[in-house]
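Novice: Below are the C-alpha cells for one structure; questions will follow.
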2 protein chains.
Amino acid sequence: MSEPPRRSRAIHVDEDAEQAAHPEWDGTGRLRLHFTPADREVRVPPAVSVFDAASWNGIAVDSTCGGHGTCKKCKVRILDGSIPVSPMDQRAFGPDQLAEGWRLACLAAVHSDLSIEIPPLTTRPKAATVGVGRQVILRPAIQKRYVELSEPTLSDQVPDVDRLLAAIDDLEPVVSLHALRRIPTVVRAADWKVTAVIVDDQLIDVEPGDTSATHHALAFDLGTTTVVATLLDTTTGTPVAVASMLNKQQPFGGDVITRISATMMDPDVLPRLTELAKDTLAELTDNVCTEAGIDPGQVYEIALAGNATMVSLLLGIDPEPIGVAPFILSSRTTPTLAAADLGVAIHPAAPAYVLPSLGAYVGGDIVAGTLASGMDRDKRLRLFIDVGTNCEIVLGDGERLLSTAAPAGPAFEGGQIRCGMRAADGAIEVVALTPEDVELQVIGDVEPRGLCGSGLVDAVSELVRIGLLDRSGRLISEEAARELVPKLAGRLVQIGEERVFVLHWAGAEGDVAESTYISQRDVRELQFAKAAISTGWTLLLEEMGVEAQDVQQVLLAGSFGSYLSPASAIRIGLVPRLPVLRIVSAGNVAGEGAKMTLLSKAERAGAEALLKEVSYVELSDRPDFNDRFVDLLAFP
Amino acid sequence: MSEPPRRSRAIHVDEDAEQAAHPEWDGTGRLRLHFTPADREVRVPPAVSVFDAASWNGIAVDSTCGGHGTCKKCKVRILDGSIPVSPMDQRAFGPDQLAEGWRLACLAAVHSDLSIEIPPLTTRPKAATVGVGRQVILRPAIQKRYVELSEPTLSDQVPDVDRLLAAIDDLEPVVSLHALRRIPTVVRAADWKVTAVIVDDQLIDVEPGDTSATHHALAFDLGTTTVVATLLDTTTGTPVAVASMLNKQQPFGGDVITRISATMMDPDVLPRLTELAKDTLAELTDNVCTEAGIDPGQVYEIALAGNATMVSLLLGIDPEPIGVAPFILSSRTTPTLAAADLGVAIHPAAPAYVLPSLGAYVGGDIVAGTLASGMDRDKRLRLFIDVGTNCEIVLGDGERLLSTAAPAGPAFEGGQIRCGMRAADGAIEVVALTPEDVELQVIGDVEPRGLCGSGLVDAVSELVRIGLLDRSGRLISEEAARELVPKLAGRLVQIGEERVFVLHWAGAEGDVAESTYISQRDVRELQFAKAAISTGWTLLLEEMGVEAQDVQQVLLAGSFGSYLSPASAIRIGLVPRLPVLRIVSAGNVAGEGAKMTLLSKAERAGAEALLKEVSYVELSDRPDFNDRFVDLLAFP
C-alpha cells in the first residue's frame, strides 16, 4: 500500500478552550453524583457532562439535539454543588431559574460532587441523544399499529391475515408463525380492534385493543467481564432500567484467550459456556423487567454487542480459530435470530439483532463503539481506544476509518498484577502522590483490598512524575529515593527478590505481605500493555499519514477505559501527549451502540456499513511491529 | 358481476379418438399391475398410463418430455399381459424390442392386468414428469456446491463464512445459525474441501468433502384421512420411497368439521391434534428414510399440501373460524417454517414450505392439485373435482380459473352409510349387476366386509341402470322388481323400517343383518352428496359462460376420486355426461403438486401465483343454490 501524503492540520478544539476555563481540572480523580428522584449515586471522571452521566446510568433526560445545547430540553436542577452558568443556560433560563440551580444537562460538565434533580420526561420526542453526543432520529424497527377491522361476512370472506395486512398496507411484513396462531383468536376476542406489532419486516403479534403506546426493547453489552442490559422505551429513546452483572462465564477464565483455551481442552466446555452466557442474559432480563415493572412479553426486540469471542460462545460457535494464528473469525455477520436463541425470554417471537464484527479482535462491541462515538461521521481526526485485555483502536478523520487490535494483556483488568483486582468495592481507583504522602480513592470508601486498572495507571504515572520510577520503568535505588522524597522512601521495600512500592499499609507499618503495593514486575506488565496499545495507534497514525499532535480527540472507551485518568494515561504514554481535555471518557459505548441500533433502522444500517468502511490493519503481520514496541516500552 | 357471453367451442379431444380405439373400456373396474424389480403390486382404474401408475406409487421412470412420447426415455418392458404398439413405440424401438414387450410407459394405457419391468434410471435428467403429464424442468430449491477453499493466513484473514460465500458468489444465501455453528469446525476437519448446502435463499450447512450428488427432499400430502410421504431425489425428480398411513387425528373425527368441533368443545384438543399431526409426519418420515436407506440428516427440505383445516391443526392455529359461518381462513400463506416446526426430524436447519390455501374450503391440497394437473396452463376447458367430504372444484379454460367448494358430506368416505367403510381390505370397490347376478371386486380379494365410496357409487349406478332404482332415487316395489329382474328381486329386503338391496349375503342367504347391503337411506345420502357436487360445477360452468358438453376433460382427484369408476360417475350425475374417456383419474395430485414445488422454484412461484389467478365462487351465498341443488338430486 502506498503511503498517503502527510497532512498538516489546523487544530481548533473546543476542549482546549474549556481547558482554559477549568484550570482546576487536571485530568485525574473521580466525582460523586447523586440523582433525584431516582435516588441513584454514580462515580464519574471529572469533565463528563451531567447528561452523559445520567444517560449511561439509565436515567432518562429529555434531549433531541445531540447534546449541543440547542434543543434546550435537557433541563436539570443542581440541588447541591455548583455548575457554572453557560451562555446557552442564559438563553434557556430566567435569572430566578438560574439561581434555583437549573442548567442544561448536556453542557454541564461536572467538576465537583453534585446532587441533581432530573425532571420527568415531558414530550414524546422525535430524536434521542445517545452515545457520545449522537443525536438519533427515532425510527425503531419496532412499530405498532392500532386498527379497527370490519368483521367478515359470507360476502366478505377475506382471510384474517389479509384483512389485517390490508389495514396496514404501507408495511408489507412477513407474518410469523406465532402471529399466525394468535391472529384468529385475538381479533375475535377483541371485537376486531387490535394492535399489530411489527419488528423490522416481521409481524410478530397482534394484541387486543390499543397497545400502541408501549414499545420496549432490550440492548445488551456482552462483555468478557461485565454484561450490561438496558431496557429501552423505543418511542422516547430513553432507558427505562439498566442492570449489570459479571459474565457467568468468569469461572472459565477472566479473558477471551483463557476461555477459548478451555473449550479446546474439553468438548463439554463450549456448550457449558453457551449456557452460562444465556443464563447471564436471562438473569439481566429478569432484573430490568422487574425493576421497570414491564411484562417481558411486551419487550419485542433485542440488540447485542459483544466481542467476537463472546458472540461465538453465546451462539455455540467453536472459537478456536479466533484464538490461534492466523486468528480467523467465523463470520462477520449473524443472521437475524430469535431472542429465544439467546436464552432471552421476552416476547416469544421477538427477533435478536447481533452487531457485526470486523475481525477476530475487532468485534461487535467496537462496531457499536464506532457507531456510538460517531467515528464514521465526525470530520475531526479522532482516536478511539477501547482499553482492556484485548485493546481495540479505531482512527478516523471523517474520510477513512482504520482499525486494529493490540494484545494488551490482562494488566488493565487487574490480571498478573500482584495486588490486582477488578474495579469493585475495596479497589484503589485513584492514586495521587505528594512529597509527603500517598492519597488514595477507594471504591465503596472502604479499606483498600487491592488495585484496579485505573489505580495501577495512576500509581505508575505518579511514581514517574515524582521520580521514583525512571523513564525506563525501574524503581530507583533506596539511597536515591531517600534523597529525592524522604517521606515516601520508606515505602520502597523488598518482598522476596522483588522491589515494591507500598500504597497502603495493612495494620502496623511493616506488614508488607498484607499491604497493597505495586511491584517492579507490575510496572513491567503495565509497560508491555501500554506499549502494545501505543504501538497500535502509532502505526495507525502512520498508516493514515498524520501526526499524533493532530489528533483532536481521544475517546477512552470500555468499562475500564472510561474510568482511566486522562492525565495518567498521557503521562505513561498510553495515549498521545495532548491537552488533557482532548482525552474524553466515552462511557459504555458498546451498550450505547446497541441501543442506537434499536432506536433507528438507519443506525443499524450504519453499523452494517462499517463492515465496508473500516479497514483492518493487522499488527502481527508488520515487520516493524517489534521495533516500535520496544521503542514504546519506556515512559515518555 | 355481469355474465360473460356464452361461448360455443369446437371440441377436439384426443380421448374421444382413444375411446374409439378401445371400445372394450367402459369406464368401470380395476386392474392389477405388478412392477419388477421393485416387486410392487398396485391396483388402478383402466386407461391410466403405465408411467403414471408407476410414478404415483413411487417407482421412478425416466422421462423428460412431460409424457408426450417425444423424449423416448420412459422405456419399460411388458413381461405379462399386453399393450398395443403405438406409432411412437415404432419410432422408439426395433421390431425385436417390440416383440420382447418394450413400450414407452407414458403412452401405454393399461386395459388389462400387467406385469411390467421398469429399468433403472440411466441419465441425470434435466426435467421430470410429475402429476397429470406435467413436465417439470428441474430447478429445485436445494442446491449443493462442492468447493475447495484456500487456507487462511496472517495476510489473508478473511472470515470462514465470507471465504465460503466468495467461492459460491453467484448465490447470495443468508447463513443459518446451524451453518454458522458448523462452518469453522467442518472446513478445518475437511481440509477446506466442503460441500455447501443451500436451500432457497439459505445456506443451511456445510458437509465434509464432496456430497454434491445427494439431494433429498420430502413431499407430504396431509389428508384428513390419509397422509402420504414421498421421499424425492431432487436431482432426478424421481421418488425414492413412498409411504402412507392414516392421519393419527382420526380418533377425533373422520372429517374436518368433526375435528373442528372437537377443538371447540375442549381447549386441550387443538394442541393434541397438532401433536398427532406431527406424530403422523414423523412416523412417515422414519418409514420413507428407512425404506430408502437415506440418513434423515441428508434430507434438506419439505413441502406440504393439505386442506386449510389440516394445515391449521398442524400449525396450532384455531380452526373454529373455518368451521362456522362465515367460514374464514386465518391466512392464505404460511411463512417459510423449519421442518422441526412440523415435527419432522430431518436436517436440523431444513426449511418447510407449506402450499398456500385459496379459501377456508379450497386449501393447499387443491392449489397443489391445480398445479399438478396443469389447470393453470392448459388451453382446454377442464373441470377438476377433488371428491371427498368437502369436495373442491376448479374450472379452467387457460384464461380464467374458477373454484368452489361443495359440502358433499361423508358418504364418499363411507360415513353415514349403513355398510360403509374406508377403502381398505374387505371393502367392495367395484360393483357390476347383470340380470342374473351381482359381481363384486373386493380390496385384498377377501370376504366383503363393507362398501367403500367407489363401490357405493358403482352400486347406485348399477341399480339405476338395471332399473331397480328409479330416477328419483327410490327402490322400486318388490312386485315391479320380480317382473323386471326376477333373479335379483330376492335381494330387495326390509331391515326394520328401511328397504335395502343386498350386495353380498353373509353365510346362509337370509342373514340380512350380517350381510353387505345398500339401503334406501344410503342412496339418499349419495344423492345429497352428488347433488352438492354437480350444483358446484353447474354454477361454475354458468359463471364461465360455457356448456357442460364443452368440457374437454374432467379430472377426478383425491384418494377417493381417483378410484371412482368414470362410467358410474357419469351415470349418477356426479360429473357431466361426456364420453367416458374424457373422465380421467388424476391420482394423488395433492402429493404430486407438493413434489413439484420441491423440484422447481418456478412451480413454487406458480403455486403462489394461483392465489391471484383463481377466483373463488362462494356457493352458500348464491340465491339460486337451493333450487339447483333440488333439481340435481335426481339421477340423469
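Novice: Measure off 7 Å from each Cα along the Cα-to-Cβ vector at A:A189 and B:R32, then give the distance between these two points in nanometres to one decimal.
Specialist: Placing both labels 7 Å along Cα→Cβ, they lie 5.8 nm apart.
Novice: A further question on this structure: Counting only DSSP beta bridges with both residues in the protein assembly as shown, tell me the antiparallel percent, nearest 5. Display every interim value, and only then the final one.
Specialist: Details: 148 of 212 bridges.
Given both bridge residues lie in the protein assembly as shown, the antiparallel proportion sits at roughly 70 percent.
Novice: Also, I was wondering about something else. Using a 1.4 angstrom probe, figure out how much accessible area chain B has per residue, in square angstrom, rounded to the nearest whole. All intermediate terms of the calculation are to be shown ahead of the outcome.
Specialist: Details: 23860 Å² over 636 residues.
About 38 Å² of surface per residue is accessible.
Novice: Among the listed pairs B:K278/B:K595; A:K278/B:K193; B:K248/B:K612, which have their C-alpha atoms separated by more than 25 angstrom in this model?
Specialist: Numbers: B:K278/B:K595 19 Å; A:K278/B:K193 33 Å; B:K248/B:K612 34 Å.
Violating the 25 Å Cα-Cα cut-off are A:K278/B:K193; B:K248/B:K612.
Novice: Residues with beta-carbon under 12 Å from that of A:L171, excluding A:L171: net charge, scoring Lys, Arg +1 and Asp, Glu -1?
Specialist: On the way: positive: A:K144, A:R145; negative: A:D169, A:D170, A:E172, A:D200, A:D201.
Result for the neighbourhood of A:L171: -3.
Novice: With r defined as the distance between the Cβ atoms of B:D266 and B:E608 and R0 fixed at 30 Å, what FRET efficiency is calculated, to the nearest 0.05? Could you put the intermediate results ahead of the total?
Specialist: Details: r = 36 Å, r/R0 = 1.19.
FRET efficiency, B:D266 to B:E608: 0.25.
Novice: Follow-up question, since we're still on this one. Roughly how many nanometres apart are two label points built 7 Å out from the Cα toward the Cβ at B:V446 and A:I495?
Specialist: If labels sit at B:V446 and A:I495, their model points lie 8.9 nm apart.
Novice: Using +1 at the Cβ of each Lys and Arg and -1 at the Cβ of each Asp and Glu in region B:28-132, identify which of B:S63, B:G81, B:V44 lies farthest towards the dipole's positive end.
Specialist: Result: B:S63, furthest along the dipole toward the positive end.
Novice: Can you work out the FRET efficiency for the pair A:K379 and A:T70, with r the C-beta to C-beta distance and R0 = 25 Å, to the nearest 0.05? Each step should come with its number before you reach the end.
Specialist: Values: r = 19 Å, r/R0 = 0.75.
The value I calculate is 0.85.
Novice: For a test of the definition: using alpha carbon positions, the gyration tensor, and the 1.5 limit on a/c, classify region B:28-132 as rounded, prolate or oblate.
Specialist: Values: a/c = 1.43, a/b = 1.14, b/c = 1.26.
Because its axes are fairly even, with a/c under 1.5, region B:28-132 counts as rounded.
Novice: Another question, then. Work out which trypsin sites (Lys or Arg not before Pro) in chain A are exposed loop sites (DSSP not H, G, I, E or B, at most 13 other Cβ within 10 Å) and give the longest gap free of them. Could you put the intermediate results ahead of the total?
Specialist: Numbers: sites that count: A:R6, A:R7, A:K126, A:R377, A:K379, A:R471, A:R474, A:R577.
Segment A:127-376 is the longest.
Novice: Taking the label point 7 Å from Cα in the Cβ direction, how far apart in nm is A:Y616 from each other copy of itself, listed shortest first?
Specialist: Spelled out, the distances from A:Y616's label point are 5.2 nm.
Novice: Still on this structure, I have one more. Leaving out same-chain residues fewer than 8 places away, which lysines sit with a Cα under 20 Å from that of B:K73?
Specialist: Once the sequence-local lysines are set aside, what remains near B:K73 is B:K126.
Novice: Something else now. Along the charge dipole of chain B, Cβ charges K/R +1 and D/E -1, which of B:V324, B:Q135, B:V575 sits furthest on the positive end?
Specialist: Of the candidates, B:Q135 comes out farthest on the positive side.
Novice: Can you tell me what share of the DSSP beta bridges in region B:216-354 is antiparallel? A percent to the nearest 5 is fine.
Specialist: Bridges in region B:216-354 are about 65 percent antiparallel.
Novice: Another one. Counting each pair of different Cα atoms once, what's the Kirkwood radius of region A:217-364 in Å, rounded to one decimal?
Specialist: 15.3 Å
Novice: Based on the alpha-carbon gyration tensor of region B:475-524 and its eigenvalue square roots a ≥ b ≥ c, which shape applies: rounded if a/c is under 1.5, prolate if not and a/b is larger than b/c, or oblate? Write out the running numbers ahead of the final one.
Specialist: Details: a/c = 2.00, a/b = 1.20, b/c = 1.67.
Note, shape of region B:475-524 comes out oblate.
Novice: Write down the percent of antiparallel bridges among all DSSP beta bridges whose residues are both part of chain B, to the nearest 5.
Specialist: Details: 74 of 106 bridges.
If I count the DSSP bridges inside chain B, around 70 percent turn out antiparallel.
Novice: For the protein assembly as shown, state what percent of all Cα-Cα pairs lands in each successive 20 Å bin, counting from 0 Å until the bin that includes the largest distance.
Specialist: 10, 31, 26, 18, 11, 4, 0, 0
Novice: So which aspartates and glutamates pass the test for A:K144, namely a Cα distance under 12 Å, with those fewer than 8 places away in the same chain ruled out?
Specialist: A:D200, A:D205, A:E207, A:D210
Novice: Another one. What residues does region A:148-164 have that are buried by at least 50 Å² of accessible area in the full protein assembly compared to the chain on its own, 1.4 angstrom probe?
Specialist: A:L154, A:Q157, A:P159
Novice: Kindly give the distances from A:G209 to its copy-mates, label point to label point, with each label point 7 Å from Cα along Cα→Cβ, as nm values to one decimal ordered shortest first.
Specialist: The projected label point of A:G209 is separated from its counterparts by 6.3 nm.
Novice: What spacing in nm lies between the two simple spin-label points modelled at A:A480 and A:A166, each 7 Å away from Cα in the Cβ direction?
Specialist: Rounded to a tenth, the inter-label distance reads 8.8 nm.
Novice: Here is a further query. Relative to the longest principal axis of the C-alpha atoms of chain B, give the angle of the C-alpha long axis of helix B:256-265, reported between 0 and 90° and rounded to the nearest 10°.
Specialist: With both axes taken from Cα atoms, the answer is about 70 degrees.
Novice: What size of dipole, in debye to the nearest 20, comes out for chain B about its Cα centre when the only charges are +1 on Lys and Arg C-beta atoms and -1 on Asp and Glu C-beta atoms? Intermediate values should be presented prior to the final figure.
Specialist: Working: 56 positive and 87 negative charges, 191 e Å.
Computed charge dipole of chain B: roughly 920 debye.
Novice: Continuing with this model, one more query. Please report the buried accessible area for the interface of B with A, total over both chains, probe 1.4 Å, in Å² to the nearest 100. If you can, show how the numbers build up before the last one.
Specialist: On the way: alone 25460 and 25470 Å², together 47730 Å².
Roughly 3200 Å².
Novice: Here is a further query. Treating only the Cβ atoms of Lys and Arg (+1) and Asp and Glu (-1) as charged, compute the dipole magnitude of region B:413-521 about its Cα centre; round to the nearest 20 debye.
Specialist: Details: 11 positive and 19 negative charges, 79 e Å.
The dipole of region B:413-521 has a size of about 380 debye.
Novice: Next question, about the same structure. Shape of region A:537-621 from its Cα gyration tensor (a ≥ b ≥ c, root eigenvalues): rounded if a/c is under 1.5, otherwise prolate when a/b > b/c, or oblate?
Specialist: Working: a/c = 2.27, a/b = 1.34, b/c = 1.69.
Because a/c hits 1.5 or more and a/b fails to exceed b/c, region A:537-621 counts as oblate.
Novice: In degrees between 0 and 90, to the nearest 10, how far off the longest principal axis of chain A does helix A:269-292 point, with axes built from Cα atoms?
Specialist: Between helix and principal axis, roughly 70 degrees.
Novice: With a bin width of 5 angstrom, please list the P(r) values of region A:509-554 as percents of all Cα-Cα pairs, from the 0 bin to the one holding the largest distance.
Specialist: Using 5 Å bins, I get a P(r) of 5, 16, 16, 15, 12, 10, 9, 6, 6, 5, 1 for region A:509-554.
Novice: Pulled fully out, how much extra length does the chain show between A:K487 and A:A345, if you take 0.36 nm times their separation in residues and subtract their Cα-Cα distance? Write down the numbers at each step before the final one.
Specialist: Numbers: separation 142, 0.36 × 142 = 51.12 nm, distance 5.90 nm.
Full extension from A:K487 to A:A345 adds 45.2 nm.
Novice: Rounding to the nearest 10 and keeping the result within 0 to 90°, find how far the Cα-based axis of helix A:589-599 lies from the longest principal axis of chain A.
Specialist: For A:589-599 against chain A, the angle is about 10 degrees.
Novice: Taking all pairs of distinct Cα atoms, average 1/r, flip it, and tell me the Kirkwood hydrodynamic radius of chain B in Å to one decimal place.
Specialist: Numbers: mean 1/r = 0.0385 Å⁻¹.
Its Kirkwood hydrodynamic radius stands at 25.9 Å.
The values are calculated or read from the model by the stated rules, or taken from the named source; none is laboratory data. Just so it is clear, the model here is predicted, and its values are computed rather than measured. Quick reminder, even Gly has a Cβ in these numbers, built from the backbone with ideal geometry, and neighbours come from all protein chains shown. Please note that ligands, DNA and RNA were not included when accessible areas were found on the heavy atoms of the full protein model with its side chains. Shrake-Rupley method; radii C 1.70, N 1.55, O 1.52, S 1.80 Å.
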